[in-house]
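Notes for the one structure printed next.
Where a number appears in this text, it was derived from the coordinates with a stated rule and is not lab data. Bear in mind that the values here come from a model prediction, so they are computed numbers and not experimental data. Cβ coordinates were reconstructed from backbone atoms using ideal geometry, including for glycine residues, and neighbour counts include every protein chain displayed.
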Amino acid sequence: MEYVYALIMLMALYVILATSFDFVIGYGGLISIAHPVFYAIGAYTSALLALDFGLPIPLAIPAGAVVALLASVAVALPSLRISGDYLLIASIGFQLGLLEAIKNMAWTGGSGGLTNIPGVSAQSGGHGPYVVVTVLLAIGTVLLLRWITGSSYGRAISALRDDDMAFSALGRNGMMMKVGIFALGSGLAGLAGGLYAHYFRFLAPGQFGIMQSAALLTMVVVGGMRSIWGPVLGAVVLEALPQAITFLNLPPSLLGPLQGILFTGLVLVFMFARPQGLIGGGDVWRGRAVREVRDVARP
Amino acid sequence: MSPGLEVRMLCKRFGGIVVADSINLQIPAGRVVGLIGPNGAGKTSFFNLVSGIVRPDAGSVTLGGVDLTGLKTHQRARRGLSRTWQNLRLFSSLTVLDNLLVAPRLYLGESLTALLFGAGRVRRAERADRERATAILERTGLADIAHMSVGSVTFGQQKLIGVARALMNDPCCLLLDEPMAGVEGQAYQTIQRVVRDLAESGIAVCVVEHNVAFIRDLCDEGVFMFAGRVLARGSVAELIADPRLTELYFGT
């Protein structure tokens, strides 16, 4: 049962991570692969607040999300001011730099990891409700992003991605919107981080590195960029797949490389054979508003 | 005459190339002024400087008496300065109607906080915008293709969408960058009529155009630019008749 709980837990967390990453990179067109660093900030903030300051878990998790959101604004503001391309470089630098800092500080547990994080224990039967709450939050995230991308804000995001110069020449504050998109996506990653920390109760900097970036990118690309259900499917499938492989009873020395090959192989196959992913996002934005107009136009 | 757009001593150089050399230009409200000159004269650069895409080295821009000089592009647009683009720059992943719906001068939908905490207000604004966009699409003959993607319509229609989108922006001053290049027939006449209506409703219009017939028929006056400078200003007929300018335009 514990195994099933952990699997559902991870799937729900990756649904939050992949959909929020798709919001940033797919919908927003903001090229950054540093999404896991905001996952890390949420996780470490929430864990340390609970561990060192005794903050109750239901307060520590949202606090972690807020700190991740603020950190993302601090990264996005200066780099977007120069040019959109700098975001990629600045965010990777931030990701690697912060993880390096975590590795070398005592109060974050160093490279050995942070242990004894307050959380729900399996013995007291707290895991079930915690998993339910996480799944509900994952569903909430999907619905929130679906609502936003289908709203007038979603229309503006599409226009901004298509041509930010024409967009600002119409009076739109594109810079502000880019920061907003990045902040919301990163805040949601921070939320996932807090949820992770108090369930698995162990954090190490290695969990949030470039490999994690690659995994999230795979989920979004395989599932389908710029679609809501694509990353959801990508997260579930790619979380289940490595687990399925473990049932093959292969030696551990083979298992690790096999999973790596599987992920990179999938990205390559999809890039060439089905670039729109399992669930394509479609080339033309169709929001709720459009449907309403059509209803009005009908006699 | 009301002030309209006023540009004073606008200067800009990129290294050794001067794109704006102390340009003084006034476009009164309700008038159509044509910018004429050979390629590389600085006409599009002038538009980029006025709309804030490019920062000038010196000089000022005011619109209706309001100083726009220190403002960013989107802030200038919110004060009534709109432009179109030579290469259109339509939003390719949006339908024709949605290209207009993101273009009102104030768009509540661009604010995430307005959306999250004032959904009702956003919806009401959206409804009013939709009515206005539908009216503009009818006026420009685009109503039938409102729900098509902008990539799937003809080039003439795309040109019209560019103008319609600028109309949705409800400008006090409109800069049109080669609205007629590659346009003929119905679309040509529609753009002509729309620009004339705009001027009559009191909007200052500035047009960069190589189509001499269009400039002659439509513009109240012409401005001849060469090497980043305003060389002459007068009626379009006068400018065309000036052998000195003709020589500069066609080269020798």
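A few comments on the model shown:
- Volume per residue for segment B:58-105 equals 102 cubic angstrom (convex hull of Cα atoms).
- Note on the protein assembly as shown: lysine pairs with Cα distance below 26 Å, sequence gap of 8 or more or different chains, count 6.
- Alpha-carbon spread of chain B, three principal axes, descending order, Å: 59, 41, 36
- Spatially, segment B:70-120 and segment A:126-188 are offset by 18 Å when compared through their Cα centroids.
- Whole-angstrom Cα spans of segment A:49-148 along principal axes, big to small: 52, 42, 20
- Counted over segment A:111-263 with a bin width of 10 Å, the fraction of Cα pairs per bin, in whole percents, is 9, 27, 34, 20, 8, 2, 0.
- Here the Kirkwood formula puts the hydrodynamic radius of segment A:135-175 at 11.2 Å, using every distinct Cα pair.
- Per-residue average of Cβ from other chains inside 10 Å of A:188-199: 0
- Modelled spin-label separation between A:Asp283 and A:Met211, with each label point placed 7 Å from Cα along the Cα-to-Cβ direction: 4.0 nm.
- Length-normalised contact order of chain A in % [C-alpha pairs under 8 Å, at least 6 apart]: 32
- Computed over the Cα atoms of segment A:188-228, the ratio of the radius of gyration to the Kirkwood radius (Rg/Rh) comes to 1.05.
- Charge dipole (the protein assembly as shown, unit charges on Cβ, about Cα centre) - positive-most of B:Leu239, A:Val179, A:Ile89: A:Val179
- Counting Cβ atoms of other protein chains within 10 Å of each residue's Cβ and taking the mean over peptide B:75-85 gives 3.
- Beta bridges from DSSP with both residues in the protein assembly as shown: antiparallel share about 55 percent, rounded to the nearest 5.
- Think of the protein assembly as shown as having a plus end and a minus end, set by charges on the Cβ of Lys, Arg, Asp and Glu; of B:Gly15, A:Gly29, B:Gly70, B:Gly70 sits farthest toward the positive end of this dipole.
- P(r), alpha carbons of segment B:152-252 - 10 Å bins starting at zero, rounded %: 13, 44, 31, 11, 0
- For segment B:1-97, the C-alpha radius of gyration divided by 2.2 N^0.38 Å, with N the number of residues, is 1.14.
- Taking Cβ atoms as reference points and 11 Å as the exclusive limit, the residues near B:Leu88 contribute a net charge of 0, counting Lys and Arg as +1 and Asp and Glu as -1.
- Largest-first ellipsoid semi-axes for segment A:40-82, taking √(5λ) over the Cα gyration tensor eigenvalues, angstrom: 26, 8, 6
- For segment A:150-202, taking the reciprocal of the average inverse distance between every pair of different Cα atoms yields a Kirkwood hydrodynamic radius of 12.8 Å.
- Three principal axis lengths of the protein assembly as shown [C-alpha, angstrom, descending]: 93, 58, 43
- Cα-centred dipole magnitude for segment A:2-297, charges only on beta-carbon of K, R (+1) and D, E (-1), debye, nearest 20: 420
- For the protein assembly as shown, the Cβ-based charge dipole about the Cα centre amounts to some 560 debye (Lys, Arg positive; Asp, Glu negative; other atoms uncharged).
- Rg/Rh (Cα only; Kirkwood hydrodynamic radius) as it applies to segment B:40-127: 1.05
- Taking all pairs of distinct alpha-carbon atoms in segment B:93-169, Kirkwood radius in angstrom: 12.8
- Put simply, the amide H of B:Gly202, placed in the peptide plane, has neighbours under 5 Å in B:Gly30, leaving out anything fewer than 5 places away on its chain.
- Percent of Cα-Cα distances greater than 30 Å, calculated over chain A: 33
- Spread of Cα-to-Cα distances over 5 Å intervals beginning at zero, given as percent, for segment B:164-223: 4, 17, 33, 28, 15, 3
- Of the residues A:Gly234, A:Gln212, A:Leu7, the one whose Cα sits farthest toward the positive end of the charge dipole of chain A, with +1 on the Cβ of Lys and Arg and -1 on the Cβ of Asp and Glu, is A:Gly234.
- Most tightly packed first, judged by the mean number of other beta-carbon atoms within 10 Å of their residues, the peptides A:253-262, B:123-132 read B:123-132, A:253-262.
- Dipole check for chain B: with +1 at the C-beta of Lys and Arg, -1 at the C-beta of Asp and Glu, and the Cα centre as origin, the magnitude is about 780 Debye.
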